[in-house]
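One structure is given here, and the rest of the page talks about it.
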Amino acid sequence: MSAPVQEAPAVLEMRSIVKTFPGVRALSDVSLTVAPGEVHAICGENGAGKSTLMKVLSGVHPHGSYEGDILFQGRPCAFKDIRASEARGIVIIHQELALVPYLSIAENIFLGNEHATRGIISWHETLKHASRLLKRVGLSEHPGTRVADIGVGKQQLVEIAKALSKEVKLLILDEPTAALNDDDSAHLLSLIRELRDQGITSIVISHKLNEIAAVADSVTVIRDGRTIETLDVRDPATTEDRIIRAMVGRDLDHRFPDRTPYDGDPGAHPALEVRGWTVHHPIDQQRKVVDDVSVRVRRGEIVGIAGLMGAGRTEFAMSLFGRSYGRNISGSVWKDGREIRTRTVPEAVGHGIAYVTEDRKQYGLNLIDTIARNITTAALGRVSRRGVVDEHEERRVAESYRRSMNIKAPTVFEQVGRLSGGNQQKVVLSKWIFAGPDVLILDEPTRGIDVGAKYEIYTVIDQLAAQGKAVVFISSELPELLGMCDRIYTMAAGRLTGEVPRAEATQEVLMRHMTTNNMTTDKR
Amino acid sequence: MGPVTTDTPRSAPSAPASPRPAPAALLLDAARRNMRQYGMLVALGLIVVLFQIWTGGVLLKPNNVTNLVLQNSYILVLAIGMMIVIIAGHIDLSVGSLAAFVSAACAVMMVEHHVPWVLALVVALVIGAIAGAWQGFWIAYVGIPSFIVTLAGMLLFRGGTQILLGSRSLGPFPDGFQKISTGYLPAVGPDTNYHNLTLLLGLTLIGVVLVQEVRSRRRQRAYELDVLPQGLFIAKCVAMVAAVVAFTMTLASYRGVPVVLLLLAALLIGLGFVMRNAVVGRHVYALGGNQAAAKLSGVKDKRVTFWVFVNMGVLAALAGVVFAARLNAGTPNAGVNFELEAIAASFIGGASMSGGVGTVFGAIIGGLVLGVLNNGMSLVGIGTDYQQVIKGFVLLAAVGFDVYNKRKVGS
């Protein structure tokens, strides 16, 4: 293991950490050295052990439940819980934010740490102190605002303000930008840099290599519970491919499968055509969330929809799929040249349309149920006769998907909630492939999953198209759209702003369309 | 429509084919997955053994076993319905009041208006269905939380009962109606010191169980699934046959199979099958597990929720009929706290507060745990005051055990 080239004594040293759960060895041998005042990124595939390592560091897994030593500011640590690590200035911000939605920003910041004398809270001091902290993180909301009323990006800033209120010395952020749009992400990253200049060391867990390049000073790669190496990000030899190679343990010549571009008959009826689709916001009914959108997809074609957060991509897809979102929906849906009704989910499914949600935990899976039962929920009829489920047939089907999709689980009776993100995504995909659709709408199918699983999912998508399915691919990651799609629509503020064929698509072209408000190219 | 295949070439080197799991591992796996239910079954066994010793063998005497079934029948009927409601992610606080209302309606029909008892029974079940539909409508289609709707129902139906009866108790009922709760299968055939029809029923049951087990094993083989090893399979069959024989002989040496037991068995088998094997049952579990995901998978969430409450209404009515028949009167205070007993039985039997988990069989186990405790404690002379305290601790312990287990497995 190569130690980073750093002169200053390390602020944090974790030596040969081993952590086992019953039956699983989560960390086999992880060492981590963080220099004072740096931003240190940790990356690795899902299940590599990043989060477990941070839980060990922050005392979620108490001292004694793991082997190895932790030195913070030169002193050994034996945290028995989170409070103990926070007392030393180590604060972790989890991926799932830990804020109470119906309390105010100020109340959340000082939750468990209230400005109080003899149990009576001093609101003046609380608000004053909160305003100061909000200024520091660049959030212009009033501290009395309810957390439920601000966006995820701002909530993330509240979390950081909360950390600052605890006199944080080492800030740990677990995938801080996973749920943020580009603007919020950029703001957050620059904030992390500002905090570094104020002397706060940060550890950032991230999947996004461009972010690591933008914000981190060094990066440690973890794979299968072991430290692979620590790289200096400023070293020109540390390229994205270099990091990916360390993460997956093999060279990735290409991150996308070789794809034969679509060459179907352009005159044929599109498998799916949507005309003049308009959707109003479910509460604010004056607002058009999707405004006069028309798209078409042919069999065997992969069509991308690009757009920034709030562009209305998910709203478009969900309103199309059985009117699962929005009010006052108008427009028509045509399949193979015939107008169809998709007013309810069963109707949409009946017409061979499948929607793979962007939020698999909330809308995609029954986390407390088994892999097998999740895979069959959308098409129980295919494993049942006269309303009675054939459990053997169900198990056989699930087994076949476990093998073909390479879902990593000992049996198909494993609870879905215990799988890693990538494997959960494969279960959701299996569910909809089993439903036997002609048109698949994939909404951020690779969000929050690791590089290896992404490649597997790309391969599946490619094969679906090769089988003659029409695929709509919604994504925030432009390289992914460029690598996979035959044609890409762009959306901004609910409107369609561009339609770009594969040959002409570049990140710059797409980004330009995504940031205008008018249809700038009008091809066919 | 042929199956959609996706022969995904694996980018990672394919894992070696997993070796056949050892029998012990199979057993452990099954035990882990059904921890709560097996745990409760074992607990029930322990409670039975404890009271059998404590009461000097009275607990399992034929007349007391029969009595146990009769005493707990209406709570068990309610528990089955309640379990399904809880699996769907809801709760029903109104079942005790609804049962009372239905028994009052029966009393008024038969005693005051001399309605034939069969007709009264049918009307009673229809009343239950309508009441369930009423509550299901507000919960499923309007979106009012079930806690509120059924709390309102609890007041409505209790009030209705008092309006119908005033402060009177109405009875007695026609013979046929009473038989629902106090009747037994007729004695036929030669005098064998045992109840012949019961023996016959027991034999049939053994036959059915064995055929089912063998067939399911053969099908598992055909699908190349792991099956229990021969020895264990035989042991399992022997244990099941022994249990059926013991229960049959006990009942047969008293007055035979009570009518209510047949009713309960029909409900257990029928609704158990629906929840385990029918598409509708799956949809109930899916809704309770994650309503949003179920909806986006094409589950008709509103319709399923609605019918779950209709089912509960009918079962509550049935419980009311059984209770009235047992008491041989309709009284304004019938069914008080029944809903709480049914809810407790469901949670002891493996339901989860957040829904999506539990089985009909579990509800029966939970109900029996409470029933045997009640009966056993009464036999040894523990007063109802201490009985309540003990039952409270049992409920807490059962759910606490489950929470502890989940944490240990899940972390």
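Some points to look at:
- Peptides A:199-208, A:312-321 ordered by average Cβ neighbours within 10 Å, highest first: A:312-321, A:199-208
- Cβ charges +1 (Lys, Arg) and -1 (Asp, Glu), total dipole of segment B:152-258, debye: 240
- Average other protein chain Cβ within 10 Å of Cβ, residues A:401-408: 4
- Note on A:361-374: average number of Cβ atoms from other chains within 10 Å of each residue's Cβ is 5.
- When peptides A:153-160, B:222-229 are sorted by average Cβ neighbour count within 10 Å, with the highest value leading, the order is A:153-160, B:222-229.
- The label-point distance for residue B:218 and residue B:380, in a model that sets each label 7 Å from Cα toward Cβ, rounds to 4.8 nm.
- Size estimate for chain B follows the Kirkwood approach: the inverse of mean 1/r over distinct Cα pairs works out to 23.2 Å.
- Distance between the 7 Å Cα→Cβ label points at residue B:389 and residue A:268: 7.8 nm.
- Gyration tensor (alpha-carbon) shape descriptor, segment A:56-198, a/c threshold 1.5: oblate
- Computed from the C-beta positions of residue B:49 and residue B:211 and an R0 of 22 Å, the FRET efficiency is 0.10 to the nearest 0.05.
- Residue B:152-residue A:65 pseudo-label distance in nm [points 7 Å out on the Cα-to-Cβ vector]: 4.5
- Farthest toward the positive end of the dipole of segment A:166-226, out of A:176, A:225, A:189, is the Cα of A:225, where the dipole comes from beta carbon charges about the Cα centre.
- Shielding score for A:375-381, defined as the mean number of other chain Cβ atoms within 10 Å: 5
- Segment B:124-246: C-alpha gyration tensor shape, a/c 1.5 cut-off, then a/b vs b/c: oblate
- The shape of segment B:46-143 comes out oblate: with a ≥ b ≥ c from the C-alpha gyration tensor, a/c is at least 1.5 while a/b does not beat b/c.
- Kyte-Doolittle mean at least -0.5, axial Cα span of 24 Å or more - DSSP H helices of chain B: B:35-54, B:62-87, B:117-136, B:146-165, B:196-222, B:230-252, B:259-277, B:301-327, B:360-379, B:384-410
- With semi-axes defined as the square roots of five times the eigenvalues of the C-alpha gyration tensor, the equivalent ellipsoid of segment A:212-349 measures 42, 22, 13 Å, largest first.
- Amide H contacts of residue A:203: A:40, A:171, A:172, A:173, each under 5 Å away and 5 or more positions distant or on a separate chain (H built 1.01 Å from N in the peptide plane; Pro and chain starts excluded).
- In terms of its Cα atoms, segment B:168-314 spans 60, 60, 18 Å along the principal axes, sorted from long to short.
- For chain A, the alpha-carbon radius of gyration amounts to 1.03 times the rule-of-thumb value 2.2 N^0.38 Å expected for a compact globular protein.
- Solvent-free Debye calculation, one equal scatterer per alpha-carbon of the protein assembly as shown: log10 I(q)/I(0) at 0.10, 0.11 Å⁻¹ equals -1.28, -1.42.
- Whole-number percent relative contact order across segment B:270-373, with pairs defined as alpha carbons under 8 Å at least 6 apart: 28
- Once the C-beta distance of residue A:114 and residue A:183 is scaled by a Förster radius of 25 Å, the resulting FRET efficiency is 0.15 to the nearest 0.05.
- Taking A:351, A:269 and counting other C-beta atoms within 10 Å, the order from fewest to most: A:269, A:351
- Residue A:403/residue A:344 FRET efficiency (R0 30 Å; Cβ-Cβ; nearest 0.05): 0.35
- DSSP H segments from chain A that extend 18 Å or more along their own axis, Cα-based, with Kyte-Doolittle mean of -1.0 or above: A:123-137, A:152-165, A:182-197, A:421-434, A:451-466
- Distant-in-sequence amide H partners of residue B:278 (H built 1.01 Å from N, under 5 Å): A:389
- Residue pairs, from the table A:408/A:469; A:80/A:135; A:426/B:302; A:19/A:361; A:19/A:166, whose Cα atoms sit over 30 Å apart: A:80/A:135
Only the coordinates and a few stated rules stand behind these numbers; no lab work does. None of these values were measured; they are calculated from a predicted model. All Cβ positions, glycine included, derive from the backbone under ideal geometry; neighbour counts span all protein chains shown.
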